[in-house]
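See structure below.
The values are calculated or read from the model by the stated rules, or taken from the named source; none is laboratory data. As the structure is a computational prediction, the values presented were derived from the model and not from experiment. Positions of Cβ are backbone-derived with ideal geometry, glycine not excepted, and every protein chain shown enters the neighbour counts.
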Amino acid sequence: MNTATAPSAALLPEVPAAQQLQRCAQRRAELARRIADAGGGVALLPTAPERMRNRDAEFPYRHDSYFYYLSAFGEPYSLLALVVERDGSHHSTLFCRARDPERETWDGLRFGPDAAREIFGFDAAAPIDELDALLPALLRDRAAVWWPFGVHEGLESRVQSWLQSVRAQARSGHRAPAAQYDLCALLDDMRLFKDDHELQLMRRAAAISCDAHRRVMRAAGAQAGPDLREYHLEAELLHAFRAGGAQAPAYGSIVAAGANACILHYRAGNAALQRGSLCLVDAGCEFDGYASDITRTFPVGGRFSGAQRELYEIVLQAQQEAIAATRPGARFHEPHEAALRVLAQGLLDCGLLSRDAVADVDGVLESGAYRRFYMHRTSHWLGMDVHDCGDYAEPGEAARRLPDASLQPASRILRAGMVLTIEPGLYVRAAPDLPARFHDLGIRIEDDVVVQARGDCEVLTAAAPKTVSEIEQVMHG
């Protein structure tokens, strides 16, 4: 290391845990193995840039998930190049910002190439300003180049420029890669399965978020009234996230009072939380790059009314059936279908769907009548991103034929290490043809689950109160 320009160890930016750095090295080796199986080549993976919010203020910085998955390096303006031989041997080079004492006075210390190489375990490192000059040499005489298609603005043109630089050396006997592949196709399948270290981080994110939801319930129970607004509960969430050690919310928190809960992507506004109404809170934190995602619905003031409880119990039973259907060997669509059957029966039993129009559960499902009240799927993948990457169709399987003779991709088989949400709901907008007691009730219950090899799933977010009695007890202290 160049000690003349290296930052003091006491002043270095936060360094990830040794276990995380080791896992990143193992992931690079696994990616290299997969690229070698395809004939070898060079993988190019940039991180996210900083983005301006307005004038000279930036949005809070967040790294690119793919890049961080392989590097644990959190600085912007960086790129990882992985050169892979046909036998799987590989060489990693990190391009990152050089040390700059003047800019570091304003923006904080940087690792610089030397410290980054030594601390993060790369084979080589170079200043990002030298990327265009150095990268063509890494591409020279390689079979293929792998990069994330359609993710980073301007990357495609830069890749073409680097390839053109190599093609210009044809008279010297050098060849440019003849093939280009989407790097995400390899990384998506790797990221879909979480290892023990990733699950530890997700359990921590879940624990912090569960504390936040309990805090919100207590606030809504103790402070209900016209002076309590949605943004007050959002503030409680943010406090709990940061106090628990999370870096940020994993997504924009939904705090929806009353009829606002029927808007699926509502954001916390200034609506008052009226005593006796329901409030839907969909919020989770991000801890060390991994997301949690929890939704709870509770009565402002702390007691469910009869109609609220009636609908809530339907959604809760639907979620319990969906969780029971989440096991290794099941298909991704099976928890959704389990939830749908409970919701369909509940809609018939409570009178939101007329038996004169649809006689039974099968009729509700076949007609799609439930979609008026439940218009989204029950699950999505969860990991570094709240809607994490990964194919929902089983690779290599032919599409299945539906009863109407149409074709649909075969649903993914659930396997140990996959993490997904289970989040059924019912949303009843006021309408003349619906019972008045259910008007403007929006209910969703969401948990994060890990498929386990032993034949069931682990509910990461079980500590967030969920039953009627648990919620009312927490809200009354």
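Can you pull out the strands (runs of 3 or more DSSP E) entirely within the stretch 391-477 that have at least 2 residues that are over 20 Å from ALA324 (Cβ atoms)? Explain how you work it out, then say what you get.
Numbers: elements: 419-422, 425-428, 441-444, 447-451, 457-459.
The qualifying strands (runs of 3 or more DSSP E) are 425-428, 441-444.
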Conditions (1) surrounded by fewer than 21 Cβ atoms within 10 Å (Cβ to Cβ); (2) basic (Lys, Arg); (3) at pLDDT 95 or above -> ARG296 fails only (1)
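Quick check, is ALA81 in contact (Cβ under 8 Å) with a residue 24 or more places away in the chain and over 25 Å from GLN247 (Cα atoms)? Give the steps one after another, and end with the answer.
Numbers: in contact (Cβ under 8 Å) with a residue 24 or more places away in the chain: yes; over 25 Å from GLN247 (Cα atoms): yes.
Against the criterion (in contact (Cβ under 8 Å) with a residue 24 or more places away in the chain and over 25 Å from GLN247 (Cα atoms)), ALA81 qualifies.
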Subject >> Some residue of the stretch 123-133 being within 16 Å of ARG28 (Cα to Cα), assigned to a loop (DSSP other than H, G, I, E, B) and touching a Gly at 6+ places or on another chain (Cβ under 8 Å) >> reply: no
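Within the stretch 323-334, does at least one residue satisfy the condition of being in contact with a strand residue (DSSP E or B) (Cβ under 6 Å, 6 or more places away or on another chain), surrounded by fewer than 22 Cβ atoms within 10 Å (Cβ to Cβ), at pLDDT 95 or above and of a type in the set (A, V, I, L, M, F, W, C)? Break it down stepwise before answering.
Narrowing the stretch 323-334 to residues in contact with a strand residue (DSSP E or B) (Cβ under 6 Å, 6 or more places away or on another chain): 323, 326, 328, 331-333.
Among the residues that remain, those that are also surrounded by fewer than 22 Cβ atoms within 10 Å (Cβ to Cβ) are: 323, 328, 331, 333.
Next, only the ones that are at pLDDT 95 or above stay: 323, 328, 331, 333.
Going one step further and asking which of them are of a type in the set (A, V, I, L, M, F, W, C), we end up with 323.
Checking the stretch 323-334: at least one residue is in contact with a strand residue (DSSP E or B) (Cβ under 6 Å, 6 or more places away or on another chain), surrounded by fewer than 22 Cβ atoms within 10 Å (Cβ to Cβ), at pLDDT 95 or above and of a type in the set (A, V, I, L, M, F, W, C).
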- Message: Given the condition in contact with a Pro (Cβ under 8 Å, 6 or more places away or on another chain), surrounded by fewer than 21 Cβ atoms within 10 Å (Cβ to Cβ) and either in a helix (DSSP H, G or I) or not assigned by TED's automatic domain parsing to the domain that holds ALA393 (or both), answer yes or no: does some residue in the stretch 367-383 qualify?
- Response: no
If you go through GLU156, GLU236, the only one that is surrounded by fewer than 17 Cβ atoms within 10 Å (Cβ to Cβ), of a type in the set (Asp, Glu) and either at pLDDT 95 or above or not in a strand (DSSP E or B) (or both) is GLU156
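Can you tell which of PRO148, PRO113, PRO136 is under 29 Å from GLY390 (Cβ atoms) and either surrounded by 19 or more Cβ atoms within 10 Å (Cβ to Cβ) or among the polar types (S, T, N, Q) (or both)? Before the answer, list the steps.
Values: PRO113 fails: under 29 Å from GLY390 (Cβ atoms); PRO136 fails: under 29 Å from GLY390 (Cβ atoms).
None of the other options fit; the residue is PRO148.
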Answer yes or no as to whether GLY289 is in contact with a Gly (Cβ under 7 Å, 6 or more places away or on another chain), in the same structural domain as ASP388 (by TED's automatic domain parsing) and on the phi > 0 side of the Ramachandran plot. no
Flagged in the stretch 162-189 as in contact (Cβ under 8 Å) with a residue 12 or more places away in the chain and either in contact with a helix residue (DSSP H, G or I) (Cβ under 6 Å, 6 or more places away or on another chain) or part of a loop (DSSP other than H, G, I, E, B) (or both), in numbering order, are TRP162, SER165, VAL166, GLN169, HIS174, ARG175, ALA176, PRO177, ALA178, LEU183, LEU186, LEU187
The lone condition LEU353 fails out of (1) at pLDDT below 95; (2) crowded, with 21+ Cβ neighbours inside 10 Å is (1)
Just one listed residue, out of ALA430, ALA464, ALA399, ALA436, is surrounded by fewer than 17 Cβ atoms within 10 Å (Cβ to Cβ) and in contact (Cβ under 8 Å) with a residue 12 or more places away in the chain, and it is ALA430
Apart from one, (1) more than 15 Å from SER277 (Cβ to Cβ); (2) crowded, with 19+ Cβ neighbours inside 10 Å all hold for ALA248; the odd one out is (2)
Filtering the stretch 207-232 for residues that are in contact (Cβ under 8 Å) with a residue 40 or more places away in the chain and in contact with an Asp or Glu (Cβ under 6 Å, 6 or more places away or on another chain) leaves a count of 1
